[in-house]
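The values are calculated or read from the model by the stated rules, or taken from the named source; none is laboratory data. Quantities reported herein were computed from a predicted structural model and do not represent experimental measurements. For neighbour counting, all protein chains shown are included, and Cβ atoms are generated from backbone atoms with ideal geometry for every residue, glycine included. Surface accessibility is based on the protein's heavy atoms, side chains included, excluding ligands, DNA and RNA. Shrake-Rupley method; radii C 1.70, N 1.55, O 1.52, S 1.80 Å.
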There are 4 protein chains.
Amino acid sequence: MEEYILTICCENRRGIVAGVSGEIAAHEGNITEATQFDDRLTGLFFMRVAFELPGTDRSFRTAFEQIAKAFAMNWNIRPAKQPMRVLILVSKFDHCLVDLLYRMRIGELKMQCVGIVSNHPQDVLELTPPDGVPFDHLPVTKDSKAAQEARIKAIVTDRGADLVVLARYMQVLSNDLAAFLSGRCINIHHSFLPGFKGSKPYHQAYERGVKMIGATAHYVTSDLDEGPIIAQDVEQVTHAHTPEDMIQKGRDIERRVLARAVTLHLEGRVMVNGSKTVVFA
Amino acid sequence: MEEYILTICCENRRGIVAGVSGEIAAHEGNITEATQFDDRLTGLFFMRVAFELPGTDRSFRTAFEQIAKAFAMNWNIRPAKQPMRVLILVSKFDHCLVDLLYRMRIGELKMQCVGIVSNHPQDVLELTPPDGVPFDHLPVTKDSKAAQEARIKAIVTDRGADLVVLARYMQVLSNDLAAFLSGRCINIHHSFLPGFKGSKPYHQAYERGVKMIGATAHYVTSDLDEGPIIAQDVEQVTHAHTPEDMIQKGRDIERRVLARAVTLHLEGRVMVNGSKTVVFA
Amino acid sequence: MEEYILTICCENRRGIVAGVSGEIAAHEGNITEATQFDDRLTGLFFMRVAFELPGTDRSFRTAFEQIAKAFAMNWNIRPAKQPMRVLILVSKFDHCLVDLLYRMRIGELKMQCVGIVSNHPQDVLELTPPDGVPFDHLPVTKDSKAAQEARIKAIVTDRGADLVVLARYMQVLSNDLAAFLSGRCINIHHSFLPGFKGSKPYHQAYERGVKMIGATAHYVTSDLDEGPIIAQDVEQVTHAHTPEDMIQKGRDIERRVLARAVTLHLEGRVMVNGSKTVVFA
Amino acid sequence: MEEYILTICCENRRGIVAGVSGEIAAHEGNITEATQFDDRLTGLFFMRVAFELPGTDRSFRTAFEQIAKAFAMNWNIRPAKQPMRVLILVSKFDHCLVDLLYRMRIGELKMQCVGIVSNHPQDVLELTPPDGVPFDHLPVTKDSKAAQEARIKAIVTDRGADLVVLARYMQVLSNDLAAFLSGRCINIHHSFLPGFKGSKPYHQAYERGVKMIGATAHYVTSDLDEGPIIAQDVEQVTHAHTPEDMIQKGRDIERRVLARAVTLHLEGRVMVNGSKTVVFA
């Protein structure tokens, strides 16, 4: 038995679940996990089904196209075990990168890292990339930005990256690149959005005197720090925390929030719903 | 459209979801929420479906019996809007009782309180029960325990209580009463079980020097503090917290954990799975 | 032995702790709790000392004035057991009010409630104020605002209120009243500030698709939702939470955050540090 | 100015703070942080003072000995900037080890790693120890345990280790070694103690059906899993988490709890109080 992940989005109507589960049963499939969300305010319906089939998904796909058409579905099906191909972008701070690579090494993150790109040289990161993972140093200036982003695009395309992770990549993507990566690029912002957008959020948090700091993982859109949020977390701080203390505490929050968002994405548990996400955790 | 909650437990087999959702669709029903759990270790399958039907559930019930029989299901269906009838037992500490009654008053807890029973007189509690809610003072001693529990049973039966909540009722139920209330009696224990069973858990926690204290809501079984856990939560403490400080902090944890467990039960989101629960939160 | 709480703020210099503790020792006092904060960025020093004296604090006060003068201290001393006098303002939602009154009743909040003021009639709140606590219905319109606030001021003054708590009082205070109550008025805002200022924060949170919602207790200043933050907390939400679900979940967060801030203030643990607070928890 | 950390434990008496702070002031020192705890139940007094002195601490030490004698203090003073020397013991699972080394590399943990010891060969860990950090493979069987522990003792002594960290070292220390390392050996136990002592705690947690799992960092004593607790944390789990899922989630909890405990110890913030700790966080 091979396991597949099916995700569906369409306008809500009677009979969707019956149609989907009926088709799976007709192919002698067995549903192992199913979650759904009925957005009453937009009328949209979201569903994620994990199911096992005795053989390949070819005949199921063909049959399912009829249902998908009938309900005007956006849908996707992929083998559960097939690791996504992930490109990681990073600047100088490597705590998120190191954490993602470690989780990949011990098998916690089911992904294949197809490359690490940084606007800083490799030795800045004190990093030995895993065997077979290329490192590309793509420096960027205002003038070279378009060319640099073209190279990023080429890497994404050439290596068949399913997902791009901005693991504290301290560069703003152009609208063009953001659009190119739409729905497949996750950023970690080091604040509890929508508080403290923009730069130096921990310094902003210190100035405001908040009693908790946080981090936010979101899909990248052309609108900086406004993309659909996937995961957030916070920790308590006190008056005694300096901005530097917050940066340190923040590293822990950032890496676990990003790892969580990436895990959810890799398992097909995140669906974009306008400016928000549906997360089938 | 009237909404219903259907809960199912049976051995896992192919076609359950298709069968259930097909029957709902056949009755022109619309699924508004569906969650399921496939317990790989026991082979049991659990499902909760909220769905709307154009009329009553009579013909659906009749039809569904065939499916239920085919899959040897334990199942239950009830109107989503019909409030459960709840009996609350309490001793001297009334923080959980006051909290449950407040949540009921503002409509947060969809329940009807059919009575308050205490082994202490009403004036100990400084409580004015809500209009129409009887208060029964049922004192208990070792010798009168059997008779007192018989009166509790009678109250449960006479008032048609669907659920009994032990809101810091500091008496151990007999095996007989625990069995009588099996699956419909929730207790709040003032520790993070399985730590600190038995009496004075905050004093035990203080002695052990733990850095977090908690509370546990569970179904009552004849085995004290061993019933299936529904909800738990904790808060941090430090060396500076005395047992009295922990008792104070604990009140907050207890009332929110109990309120959460009761809410989950009232919405049909908790199913017993041996010595554990499945919670469709 | 009588316990006193001494709070100090001055520019940091060598010898402050030695001066303070020496004076306490000279009066045969015993320090039971001492916390301090050295704000490196502003050069200010904050201290809170709880100590026991064999008799009254009269001679200690006289002696301490010399030290206070030498270090140009802002300082305050008060008997630890003397309950503060608290006025509570509320609109329609009473979950915070009910919670504060309950905590007062069972002795958790060491305060004396000197009155409840609402811009709505008492029967809107379904509340029976505790014995001896006057309820004032002070309706407010744009035109009557100045007069209404004058009455609030008079109540504060006449009843010797040490603290005013805005327990979901849905009116913006005028600059004048905010200034009058400076440092002795705590508000609960139903968002995790600085996110979602202004009205309908849960609706804003829903629109933005955040994965956690929160509440913030802060001192009231003339700058709405910008006052020094005392306490904050959050809880997780998902895509499935409607604005109404958030409002419900938020009630729990609001009442515990406000109760915490009030407790801290009552125990003299909060000191204002510019636009921030020092909290000796 | 050089910063020092002074820790004190003695029976509580009037004048301790005045004595200590007076001596610091007499040496033209400046207190930068001070915290104290008065254990009412045992009558013991604990204090941690961070302070700057114009020169070395030699004359301060000499003078302080008189005060220490007068109050019968246990006391310790050390330069704040002097990194502790830390030996790390590990078995097969390296998530805690990798995390500690990473935090050391980026300067978050102010420590010098004087060696890594494992009962498994280095290649099992896929680890490249940092430059200059020796790796010792010390396999252990029932018969060789005494000899292996003798070698560990020798390494601790020869390298002047101030602290030994059991970073998921899956061996029980003998009473002898536990006593030798008393107060300077931190273990991470993968459960929320006192729940689930002994082996396979996540499997125990799964069987019991708890809704939160946790980890506990504690000083090692001869009584397994009973040592004074330094730090604990938990995360939520559901019925859907298998033991393997809990193990994965647990890795995150373990590494942050252990890192926190080690940080607190390195900064002299943990003092043993019988079977408990005082933690000046």
Note to self: Suppose we keep only residues that are open to solvent by less than 70 Å² (accessible area, probe 1.4 Å) and out of contact with any helix residue (DSSP H, G or I) (no Cβ under 7 Å at 6 or more places or on another chain) within segment C:48-58. Which one would you say is farthest from the other protein chains (Cβ to nearest Cβ)?
What the structure shows: C:D57
Notebook entry, point to check: How many residues does segment C:174-189 hold that are open to solvent by 20 Å² or more (accessible area, probe 1.4 Å) and either at pLDDT below 95 or among the aliphatic types (A, V, I, L, M) (or both)?
Noted result: 1
Check: Hey, D:L193 hits all of (1) surrounded by 21 or more Cβ atoms within 10 Å (Cβ to Cβ); (2) part of a loop (DSSP other than H, G, I, E, B); (3) more than 10 Å from chain B (Cβ to nearest Cβ) but one; which does it fall short on?
Finding: (3)
Margin query: Taking the conditions exactly as written (charged (D, E, K, R), without any contact (Cβ under 8 Å) to a residue 60 or more places away in the chain, away from chain A (no Cβ under 14 Å) and closer than 30 Å to D:G15 by Cα), does D:R78 satisfy them or not?
Written below: no
Item checked: Output for segment A:1-21, where each listed residue is of a type outside the set (A, V, I, L, M) and open to solvent by less than 30 Å² (accessible area, probe 1.4 Å) -> A:Y4, A:T7, A:C9, A:C10, A:G15, A:G19, A:S21
Checklist line | Every residue from segment C:220-261 that is farther than 22 Å from C:H203 by Cβ and assigned to a loop (DSSP other than H, G, I, E, B) | finding: C:V220, C:T221, C:S222, C:D223, C:G227, C:P228
Next item on the list: Spot the failing condition for B:E126; the list is (1) without any contact (Cβ under 8 Å) to a residue 40 or more places away in the chain; (2) under 21 Å from C:I106 (Cα atoms); (3) more than 14 Å from every other protein chain (Cβ to nearest Cβ), and only one is missed.
Entry: (3)
Next item on the list: Within segment A:93-112, count every residue that is assigned to a loop (DSSP other than H, G, I, E, B) and open to solvent by less than 30 Å² (accessible area, probe 1.4 Å).
Entry: 3
Notebook entry, point to check: Has segment B:103-111 got any residue that is within 14 Å of chain A (Cβ to nearest Cβ) and in contact (Cβ under 8 Å) with a residue 12 or more places away in the chain?
Noted result: no
Check: Using beta carbons and a limit of 7 Å, which pairs, at least six apart or on different chains, have the first residue in segment C:146-164 and at positive phi and the second one at pLDDT 95 or above and open to solvent by 20 Å² or more (accessible area, probe 1.4 Å)?
Finding: C:G160/C:R85
Next item on the list: Check off (1) in a helix (DSSP H, G or I); (2) free of Cβ contacts under 8 Å to residues at least 60 places away in the same chain; (3) not small (G, A, S) for D:T141 and give me the number that stays unchecked.
Entry: (1)
Next item on the list: Mind counting the residues in segment C:131-157 that are surrounded by 12 or more Cβ atoms within 10 Å (Cβ to Cβ) and over 20 Å from C:C185 (Cα atoms)?
Entry: 1
Check: Which of the residues that make up segment B:220-237 are at pLDDT 95 or above, at the interface with chain D (Cβ under 10 Å from one of its Cβ atoms) and open to solvent by 20 Å² or more (accessible area, probe 1.4 Å)?
Finding: B:D233, B:Q236
Check: Are any residues in segment B:239-255 open to solvent by less than 40 Å² (accessible area, probe 1.4 Å) and either under 21 Å from B:M111 (Cα atoms) or more than 14 Å from chain D (Cβ to nearest Cβ) (or both), and if so, which ones?
Finding: B:G250, B:D252, B:E254, B:R255
Check: Residues of segment A:1-38 being closer than 27 Å to C:D245 by Cβ and either touching a Cys at 6+ places or on another chain (Cβ under 9 Å) or more than 11 Å from chain B (Cβ to nearest Cβ) (or both), which ones?
Finding: A:T7, A:I8, A:C9, A:C10, A:E11, A:I16
Next item on the list: Could you tell me whether any residue of segment C:145-158 is in a loop (DSSP other than H, G, I, E, B) and in contact with a strand residue (DSSP E or B) (Cβ under 9 Å, 6 or more places away or on another chain)?
Entry: no
Notebook entry, point to check: Can you spot a residue in segment C:23-34 that is of a type outside the set (F, W, Y) and under 22 Å from C:V272 (Cα atoms)?
Noted result: yes
Notebook entry, point to check: For B:R260, are the conditions met, namely being charged (D, E, K, R), open to solvent by 20 Å² or more (accessible area, probe 1.4 Å) and under 13 Å from the mean Cα position of the chain (by Cα)?
Noted result: yes
Check: How about segment A:82-92: which of its residues are open to solvent by 10 Å² or more (accessible area, probe 1.4 Å) and of a type in the set (A, V, I, L, M)?
Finding: A:M84
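Let's see how each residue does on (1) within 20 Å of B:H265 (Cα to Cα); (2) charged (D, E, K, R); (3) at pLDDT 95 or above:
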{"residue": "B:Q82", "(1), (2), (3)": "yes, no, yes"}
{"residue": "B:L87", "(1), (2), (3)": "yes, no, yes"}
{"residue": "B:L97", "(1), (2), (3)": "yes, no, yes"}
{"residue": "B:R103", "(1), (2), (3)": "yes, yes, yes"}
{"residue": "B:L109", "(1), (2), (3)": "yes, no, yes"}
{"residue": "B:I116", "(1), (2), (3)": "yes, no, yes"}
{"residue": "B:T128", "(1), (2), (3)": "no, no, no"}
Note to self: Looking at B:A217 and the list (1) of a type in the set (A, V, I, L, M, F, W, C); (2) surrounded by fewer than 23 Cβ atoms within 10 Å (Cβ to Cβ); (3) within 10 Å of chain D (Cβ to nearest Cβ), which single condition is not satisfied?
What the structure shows: (2)
Next item on the list: Considering each of C:Y206, C:Y202 in turn, give the residue that is modelled with pLDDT of 95 or more, open to solvent by less than 50 Å² (accessible area, probe 1.4 Å), over 17 Å from the mean Cα position of the chain (by Cα) and at the interface with chain A (Cβ under 10 Å from one of its Cβ atoms).
Entry: C:Y206
Check: Got a number for residues in segment C:192-221 being farther than 21 Å from C:I88 by Cβ and of a type in the set (S, T, Y)?
Finding: 3
